[in-house]
Structures are given as structure tokens and as C-alpha cells.
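Encoded as C-alpha cells, the structure appears first; notes follow it.
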Amino acid sequence: MRTLISMTYVYSVNATSMKDGAEEFRFINDLAEDEDEERNILEFLGGAELYIMGRVLYEEFASHFQGKTATDHPFAPIYAATDKVVFSQTLASADWERSTINRGDLVTEVEKMKTEGDGYMIVTGRGGIHRTLLHHDLIDEFRITVFPMLLSRGTRMLEPDDVGEFKPLELVSCHPGTNGVVVLHYRRRR
């Protein structure tokens, strides 16, 4: 059975995340390189069988990564080579290679996808799809990257209703980088 992994980024201690393009986002570009962590994230992203996303994230990713090479961004060829399933009722077409639009019921379709392989798939973002999958207890693992900065504004990573009933987690690993970035890996304890 496939594992569904949530990949989330946190930019402050109050667990908010920034809007892309925010002025503070430039801070991340100024962080010192951590070659070991870069290698780990590239290996993790490259090992996914597919990515699950909604229309908004798909459009953001496609505009940023489509047609780009590793020289432009190290994630670009990985995203291009991996199947992407976009859940949307309004997206007219998905022109980015290896992209498919799924207009079915999110919960039913993801339950089915989980039974169709043995590897892992990734859901990222903080929108409705991520929240629905969390609420229905379909996320098996969480990879949370915490950046060394504080913000007084942003979008909450989770709202109280997102979690639903209590869901205990167990720590799989904690990797502090040489540049202050910490990657936490939790597994849903069932």
C-alpha cells in the first residue's frame, strides 16, 4: 500500500506559512547552503511515485517549474519526471508533462490511489486538499521543515477543524541542518 506523505514548510514558531513572493521569503535565499540536506530533499522528492495537488498549487508550481532545467531550479526535473494528479472541478487543462486532472471525490480517489502501489506519494500545501486529507486521516507521514525566522503574520498551517479527532504521531527523525533549518519527520501512530 502506498504511503501518503504531507510535506509542509513552517516559517515561524506560531506555525504560520508565508504567501509566496512575500518580502520575507528572500531570507530563505540568504541561508547558507547545506549540501547534505539538499541531497536529502532531492532524493525524497525524486522517490515519490506521484504528487497530489489542487488547482491553485498546480498553477503556481507549473508557472514556476514547467520547462525549467536543474540549472534553473534543482526541483524542476524531478517535478517534470513525476506523475502529478490535480484535483479540480474548474481547471480546463493540465499542460505540464505527466499531469492528470481528477474531478472525482478527493477522499474516495486518494483511498484508491493508496492501494495502487507500494511507494509513496506527496501532498504539499496548506489548502483545502491538504486539510480534507488530514481531516479524513489519509495522511500517513508528515515532513515538516522549520526555517529559522519569526513572522507576525501569515496563513495558519492548520485550523482546529482540520485535524478532526485526536491523531497521535511518533517521531521518525529530526535533522537539524548546518544553516538552522530543521526537518521533522513524523509518522501517524495507528
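Below are the figures for this structure:
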| quantity | calculated |
| --- | --- |
| Rounded to whole Hz, the Karplus (6.51, -1.76, 1.60) HN-Hα couplings of the stretch 163-177, x for glycine and proline | 7, x, 6, 3, 10, x, 10, 10, 6, 8, 7, 9, 10, x, x |
| Fully extended contour minus Cα-Cα distance, from residue 190 to residue 167, at 0.36 nm per residue | 7.5 nm |
| Computed label-point distance, nm, for sites residue 33 and residue 136 using a 7 Å Cα→Cβ extension | 4.3 |
| Residue 99 long-range amide H proximity, modeled H, under 5 Å | 84 |
| Built amide H within the under 5 Å cut-off of residue 169, gap 5+ | 189 |
| The stretch 139-148 - phi-based ³J(HN,Hα) in whole Hz, Karplus 6.51/-1.76/1.60, Gly and Pro as x | 8, 8, 9, 10, 10, 10, 9, 10, 9, x |
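All of the numbers you see were taken from the coordinates with simple rules; none came from a lab. Remember, predicted model here, so these are calculated numbers, not experimental data. Quick reminder, even Gly has a Cβ in these numbers, built from the backbone with ideal geometry, and neighbours come from all protein chains shown.
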